[in-house]
1. Let me check I've understood the local charge: for G43, count other residues with C-beta under 12 angstrom from its C-beta, Lys and Arg +1, Asp and Glu -1. What total comes out?
2. Which residues make up the longest stretch of the chain clear of chymotrypsin sites (Phe, Trp or Tyr not before Pro) that lie in a DSSP loop with no more than 16 other Cβ atoms within 10 Å, not counting the sites?
3. Dividing the alpha-carbon Rg of the range 145-242 by 2.2 N^0.38 Å yields what?
4. Give the long-range amide H neighbours of R72: residues separated by 5 or more places, or on another chain, with amide H under 5 Å away, using H modelled in the peptide plane at 1.01 Å from N.
5. Using a cut-off of under 17 Å, list every residue of the range 53-91 whose amide N is near the label point 7 Å from the Cα of Q115 along the Cα-to-beta-carbon line.
6. Lys and Arg at +1, Asp and Glu at -1: add these up for the other residues within a Cβ distance under 14 Å of I176 and post the number.
7. If each DSSP helix of 4+ residues adds -39,500 (n - 2.57) and the sum is divided by the residues in the chain, what number results at 222 nm, nearest 500 deg cm²/dmol?
8. Let a ≥ b ≥ c be the square roots of the eigenvalues of the Cα gyration tensor of the chain; is it rounded (a/c under 1.5), or, if not, prolate (a/b larger than b/c) or oblate?
Amino acid sequence: MASRSPEKRRPSLFWPLAAIVVPVVSYLAKVRVIGREKLPREGAFVLAPNHYTEFDPLIVALAVWRLGRAPRFMAKDSLFRIPVLGWILRSTGMVPVARASSASAAKQTMQQSRQLVEHGRGVIVYPEGTLTRDPDLWPMRGKSGAVRLALAGDIPLIPMAQWGTQHIMGRYQKRISFWPPRKPVQVIIGDPVDLSDLKGRAGDQNVLNEATTRLMDAITALLEQARGEKAPAERWNPATHGQKETGRLDS
């Protein structure tokens, strides 16, 4: 078992939440993690997984928790204003993201990045911003939220792919399949994306586009490994396929 980080050893609200969530998810999914040594035991990181069902966050959270880190996600700031839920999000150190102007968004990103480094925390950011629209569940065009955070604080940007969750809950579905239990789910963590040549240039849109492309390429390669097949040569782009994007968490 992976050694626990100091943030996980300290008592927190994660403990009672894990006592409820871990047994339930473990009943539904037999999660196999490949590349577990690539998630830092200490310090800040930005973890970027693929996203194709509403159940994905529980699989990712379980994997991160088992690897010794506390799973913190980016969440819409409106959720932080909901009674009880908002308190839970704040108490567990989730990261709010607001719809804001470019200047405000850049300032917010810098603040969030500094806080991650200062507290040695990781954050999970879905770079697609919503469930993939690709008909075959391959990653679609990415947003720049994850790379902005990583570049702003020189934080490791770690790609992740998971596959098998669709047998527990299909895309756009709300019903969970409880039988048979322990459906196999594979999680693969990759090497940090090399952004060394882009360092200090987070305000350049061309740099953000290049960094996002590198990240999505890395995630897609991991998913190809998990699925044992090649992804389409062209990544699905909702803008060119006439599909409306909803549920965006970053830009």
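The numbers here are math on the coordinates, done by the rules we state, and not lab data. Keep in mind it's a predicted model, so treat the numbers as computed, not measured. FYI the Cβ positions are ideal-geometry reconstructions off the backbone, even for glycines, and counts take in every protein chain you see.
1. Here the count lands on -1.
2. Counting only loop sites that pass the neighbour cut-off, the longest clear stretch is 1-171.
3. Here the answer is 1.31, to two decimals.
4. I124
5. Residues 70-82, 85-91 qualify, since their backbone N sits under 17 Å from the label point.
6. +3
7. It comes out at -11000 deg cm²/dmol, rounded to the nearest 500.
8. rounded
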